[in-house]
Amino acid sequence: MPLEFATSHILWRQFGRQNDAFAADAGQLKIVTDFVNGFFRSHAHPGHAQDFHATRWYASQHQAFRVMLKQLIGELQNQTRLDDLDLLVLAHWTPDVEVGCSVTNALIHQSGCHDAFGIAISDHGLSSTFLALQVIEDYLDDSDRAGRGKKALLLIADQDAILYDSPSLARFNPAPSACVVMLHNRPGEQPSGIGFKRYRKMPLPATPKAWDTLLVTLDMFTPREDLLPLLILTTPGFATQLLEHEQLATHRVESWDETLLSCAPWARLEQLAPTHHRILLMLPQGNFLACAGFVAGA
């Protein structure tokens, strides 16, 4: 059954630093720095913990994944029922500042969906949310719910405080951010919101011809869906590349705010709230291109 969602059920926020952040004493900083040094040694990393990173990490407890997502879950509970969820999937790129916490278990408890299953996806970079959609669809399709509709929550969170220097993170100039997306699988019903098509990962086009045939190669949509206008959402840099190619420049190309990290595509999708469109989320990752396809109804 098709997996779908409404943009009204995408809730997101970028969280600023609070004035009442935890102040770390020498004992707490030693615990954190010892943890970092042990982490480095376990990965054969030659570095040592720096006070700046340890202090910032400890002071960021107000922006732990659980804390940020708990606020958004509370807001979503004011809109819709959550105690009948079947699945919660947390997708993130950066590590959580709250070490050892099962975020999905905490949110299962908060929402009262005690029969739900929770899992996290992190080792997939900024496209973890794309892969999470495929995981959610596969799980719900395989779940026996006696023909009733099934529900899942995609939970997204990222941090700006990490325990080591990371130029790849710093270039985004990020702040802590989080997002929740309510997803439905309704047997026998026509999709009324935005329907998920599929997740694809492929090599980046290396020749002009490969760029021109990119959409055909992705093979995301049916011939009938191909009649709908196409909206491509991607990074600002990749949007510029797409517009240099004649076959792609004829479509609507929009970019997202990279400071939002993993939440970025979803925040932009919520802002645009497209209808009667094909939608492609595209994220270049090294020599590969991660894509998620959707069709938006009325």
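Suppose the filter is open to solvent by 30 Å² or more (accessible area, probe 1.4 Å), among the charged types (D, E, K, R) and more than 21 Å from residue 175 (Cα to Cα); does residue 66 pass it? Judged against the criteria, residue 66 is not a match. In the set (1) closer than 29 Å to residue 57 by Cα; (2) assigned to a helix (DSSP H, G or I); (3) under 12 Å from the mean Cα position of the chain (by Cα), residue 94 fails one condition alone, (2). Of the residues making up segment 41-70, those that are assigned to a helix (DSSP H, G or I) and free of Cβ contacts under 8 Å to residues at least 60 places away in the same chain are 41, 42, 51, 52, 55, 58, 61, 62, 66, 67, 70. Within the option set 131, 140, being of a type outside the set (Asp, Glu), on the phi < 0 side of the Ramachandran plot and open to solvent by less than 40 Å² (accessible area, probe 1.4 Å) holds for one residue only, 140. Looking only at residues in segment 207-247 that are farther than 24 Å from residue 131 by Cα, among the hydrophobic types (A, V, I, L, M, F, W, C) and free of Cβ contacts under 8 Å to residues at least 60 places away in the same chain, the one that is surrounded by the most Cβ atoms within 10 Å (Cβ to Cβ) is 243. Considering 33, 80, 7, 55, the condition of being open to solvent by 50 Å² or more (accessible area, probe 1.4 Å) and either at pLDDT 80 or above or touching a Gly at 6+ places or on another chain (Cβ under 6 Å) (or both) is satisfied by 55 alone. Which members of segment 267-284 meet the condition of being modelled with pLDDT of 95 or more and touching a helix residue (DSSP H, G or I) at 6+ places or on another chain (Cβ under 7 Å)? Across segment 267-284, the qualifying residues are 267, 269, 270, 278, 281, 282, 283, 284.
The values are calculated or read from the model by the stated rules, or taken from the named source; none is laboratory data. Remember, predicted model here, so these are calculated numbers, not experimental data. Neighbour counts run over all protein chains shown; Cβ positions are idealised from the backbone, glycine included. Areas reflect the complete protein model, heavy atoms only, side chains present, ligands, DNA and RNA absent. Shrake-Rupley method; radii C 1.70, N 1.55, O 1.52, S 1.80 Å.
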